[in-house]
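Written below as structure tokens is the structure these notes are about.
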Amino acid sequence: MLWLGSKLGTSGPTGKNGSVEDLMYSSLISKIEKAKRYAEEPERISFRSFEVAFRGDNGTHAVSLKGDDWTCACEHFHTSGLCAHVMTLQRMFAAHLTDNARYTQEHVPA
Ligand SMILES: [Zn+2]
């Protein structure tokens, strides 16, 4: 695909290979095709961090991931280090999480 880039760098129509617009269009098409293929391989994408608003049965909680560390604003997470909100996100985005972020152990209360 490198040749496409070098063609695009030239100015004006390129003659026998079609116009610059055609090349840009085919380049865009190839990107869309690539995006479709990538989208079917979710393991290519891993979240390094994110933050969501989780509407639970008992209220909305801010849940965030930074590296492998989860944080939830709910009471249960505060006392045990794991909660239904984090567990839900671990299930939903399992393919996008590192092993450490995917399998958080609940802290045993002292
Ligand atoms: Zn929670």
Residue pairs meeting the criteria (Cβ under 6 Å; at least 6 apart or on separate chains; first more than 14 Å from F54 (Cα to Cα), in region 85-99; second assigned to a helix (DSSP H, G or I)): A94/R102; A95/P42; A95/E43
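Check whether at least one residue in region 27-50 is assigned to a helix (DSSP H, G or I) and closer than 30 Å to A73 by Cβ, and report yes or no.
Yes, region 27-50 has at least one match.
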Can you tell me which residue within region 65-110, out of those that are within 9 Å of the ligand (Cβ to nearest atom) and among the small types (G, A, S), is nearest to P42 (Cα to Cα)? A84
Please indicate, with yes or no, whether at least one residue in region 28-36 is away from the ligand (no atom under 16 Å from the Cβ), surrounded by 11 or more Cβ atoms within 10 Å (Cβ to Cβ) and among the aliphatic types (A, V, I, L, M). no
Test K36 against the stated conditions and say whether it is without any contact (Cβ under 8 Å) to a residue 24 or more places away in the chain and over 21 Å from E106 (Cβ atoms). yes
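Any read-out appearing in this document is the output of simple, stated calculations on the displayed coordinates, not a laboratory observation. Keep in mind that what you see is a predicted model, and the values were worked out from it rather than measured. A quick note on method: Cβ atoms are made from the backbone with ideal geometry, for glycine too, and the neighbour counts reach across all protein chains shown.
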